[in-house]
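Engineer: Below is a structure I'd like to ask you about.
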Amino acid sequence: MTATDMMTQPTLTTDAIQGQKLAILGLSAFYGDFLALSEISLSIEPRAITAFIGPSGCGKSTLLRTINRMHEVTPGASVAGSIRLDGTDLYDTRIDPVSVRRRIGMVFQRPNPFPTMSIKENVMAGIKLQHRHLAKSDAEDLVELSLRAANLWDSVKDRLNKPGASLSGGQQQRLCIARVIAVEPDVILMDEPCSALDPISTAAIEDLMLNLRRDYTVVIVTHNMQQAARVSDKTAFFTVEATGEPGRLVEYDNTATIFSNPSMKATEDYVAGRFG
């Protein structure tokens, strides 16, 4: 890339992705020479929850990580095909991956608050990484708004300077969601966000997901069929034919259809618990 190319390198701005929609087009994902996902194509609706389901090893989490370009952080990992956000190809060579991750946030399987930071500092961590400087009053307002959006404010408002790691597991996960919300993304990705939580905390996160879809496009990976049925609007079922074979998309439809009247027998067998 030339110096001129670097100076004109485009970024994803808020204006560019208002009313956004994700389109995954012929996407294949590799780890070195190993083909992990083959020719995935689907369109993800805005302001809705889309669930990725399927047996372990079928590439659900890999696909999630390709959406905000975290897949390529793994040495030797690469993709073919494209992912478009409101028409912008996220894998265009001129696009800065960091600008993609500002607009598409990620919540991981296990809560990961920064252990040396307070609750307030955890919420503001993404802002600081973006080198954005806010007045004290604006920062305080953003912390409150983000924690309220994560249904956590009432529980922590009197201890914002306590370590984020002092919270319970479910509260830590909501703190991580607040940290994502603070940078004002348009898409929130969640990789099995409840797998390490107890049933009460899981219910709280699911309620939060339903609230978040009013303002965000949410994509989740889950092994919990009941969870997918409860919270998602659309469901994509993936599978893998055998060990060493790539994951493939089998069926993608409204969640009610996937769980009550799927068109593919493999989907019916999986949601009925006959394998996986």
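The values are calculated or read from the model by the stated rules, or taken from the named source; none is laboratory data. Small disclaimer: the values here were computed from a predicted structure and weren't measured. Every residue, glycine as well, gets a Cβ built from its backbone with ideal geometry; the counts of neighbours run over all protein chains shown. Ligands, DNA and RNA are stripped out before the accessible areas are found, and what is left, the full protein with its side chains, is counted by its heavy atoms. Shrake-Rupley method; radii C 1.70, N 1.55, O 1.52, S 1.80 Å.
Engineer: Can you tell me which residue is most open to solvent (accessible area, probe 1.4 Å) among those in the stretch 54-73 that are part of a loop (DSSP other than H, G, I, E, B) and not aliphatic (A, V, I, L, M)?
Structural biologist: Taking the stretch 54-73 as the starting set, the residues that turn out to be part of a loop (DSSP other than H, G, I, E, B) are 54-59, 68-70.
Narrowing the set further to residues that are not aliphatic (A, V, I, L, M) leaves 54-59, 68-69.
Working: GLY54: 0, PRO55: 14, SER56: 90, GLY57: 66, CYS58: 0, GLY59: 13, ASN68: 3, ARG69: 24 Å².
Here the residue is SER56.
Engineer: Also, I was wondering about something else. Tell me, yes or no, whether the stretch 160-178 has at least one residue that is under 27 Å from ILE49 (Cα atoms), β-branched (Val, Ile, Thr) and modelled with pLDDT under 95.
Structural biologist: no
Engineer: Of the residues SER263, SER195, which is hydroxyl-bearing (Ser, Thr, Tyr), open to solvent by 50 Å² or more (accessible area, probe 1.4 Å), within 22 Å of SER38 (Cα to Cα) and outside any helix (DSSP H, G or I)?
Structural biologist: Working: SER195 fails: within 22 Å of SER38 (Cα to Cα).
Unique residue meeting the criteria: SER263.
Engineer: Here's a follow-up. Out of VAL219, VAL183, report the one residue that is in contact with a Leu (Cβ under 7 Å, 6 or more places away or on another chain) and closer than 22 Å to ARG69 by Cβ. Let's see the steps before the verdict.
Structural biologist: Values: VAL183 fails: in contact with a Leu (Cβ under 7 Å, 6 or more places away or on another chain).
Every option except VAL219 fails the conditions.
Engineer: Which numbered condition in (1) in a helix (DSSP H, G or I); (2) touching a Phe, Trp or Tyr at 6+ places or on another chain (Cβ under 8 Å); (3) not basic (Lys, Arg) is the only one that ALA236 fails?
Structural biologist: ALA236 satisfies every listed condition except (1).
Engineer: Could you please find all residues in the stretch 152-179 being within 14 Å of GLU121 (Cβ to Cβ) and open to solvent by 40 Å² or more (accessible area, probe 1.4 Å)?
Structural biologist: ARG159, ASN161, LYS162, PRO163, ALA165, SER166
Engineer: Just give me the residues in the stretch 5-53 being modelled with pLDDT under 50, farther than 21 Å from ARG103 by Cα and outside any helix (DSSP H, G or I), in sequence order.
Structural biologist: Scanning the stretch 5-53 gives no hits.
Engineer: Just to be sure, is THR2 over 26 Å from LEU212 (Cβ atoms), surrounded by fewer than 18 Cβ atoms within 10 Å (Cβ to Cβ) and modelled with pLDDT under 90?
Structural biologist: Details: over 26 Å from LEU212 (Cβ atoms): yes; surrounded by fewer than 18 Cβ atoms within 10 Å (Cβ to Cβ): yes; modelled with pLDDT under 90: yes.
In short, yes.
Okay, residues lined up against (1) assigned to a strand (DSSP E or B); (2) touching a residue at least 24 places away in the same chain (Cβ under 8 Å); (3) out of contact with any Asp or Glu (no Cβ under 9 Å at 6 or more places or on another chain); (4) surrounded by fewer than 18 Cβ atoms within 10 Å (Cβ to Cβ):
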| residue | (1), (2), (3), (4) |
| --- | --- |
| SER78 | yes, yes, no, yes |
| ILE83 | yes, yes, no, no |
| ASP92 | no, yes, yes, yes |
| ARG102 | no, yes, no, no |
| LYS128 | no, no, no, yes |
| HIS131 | no, no, yes, yes |
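Engineer: Could you check ALA182 against (1) touching a strand residue (DSSP E or B) at 6+ places or on another chain (Cβ under 8 Å); (2) over 27 Å from PHE275 (Cα atoms); (3) surrounded by 17 or more Cβ atoms within 10 Å (Cβ to Cβ) and say which number it fails?
Structural biologist: With (1) touching a strand residue (DSSP E or B) at 6+ places or on another chain (Cβ under 8 Å); (2) over 27 Å from PHE275 (Cα atoms); (3) surrounded by 17 or more Cβ atoms within 10 Å (Cβ to Cβ) applied to ALA182, the lone miss is (1).
Engineer: If you check THR235, THR239, THR255, which single one turns out to be open to solvent by 20 Å² or more (accessible area, probe 1.4 Å) and more than 25 Å from ASN112 (Cα to Cα)?
Structural biologist: Values: THR235 fails: open to solvent by 20 Å² or more (accessible area, probe 1.4 Å); THR255 fails: open to solvent by 20 Å² or more (accessible area, probe 1.4 Å).
On inspection, the qualifying residue turns out to be THR239.
Engineer: Return the pairs, sorted by first residue and then second, in which the second residue is part of a loop (DSSP other than H, G, I, E, B) and open to solvent by less than 70 Å² (accessible area, probe 1.4 Å), the first residue lies in the stretch 253-276 and is within 13 Å of THR239 (Cβ to Cβ) and of a type in the set (Asp, Glu), the beta carbons are less than 9 Å apart, and the residues are 6+ apart or on different chains.
Structural biologist: Going by the 9 Å Cβ cut-off, the qualifying pairs are GLU268/PRO262.
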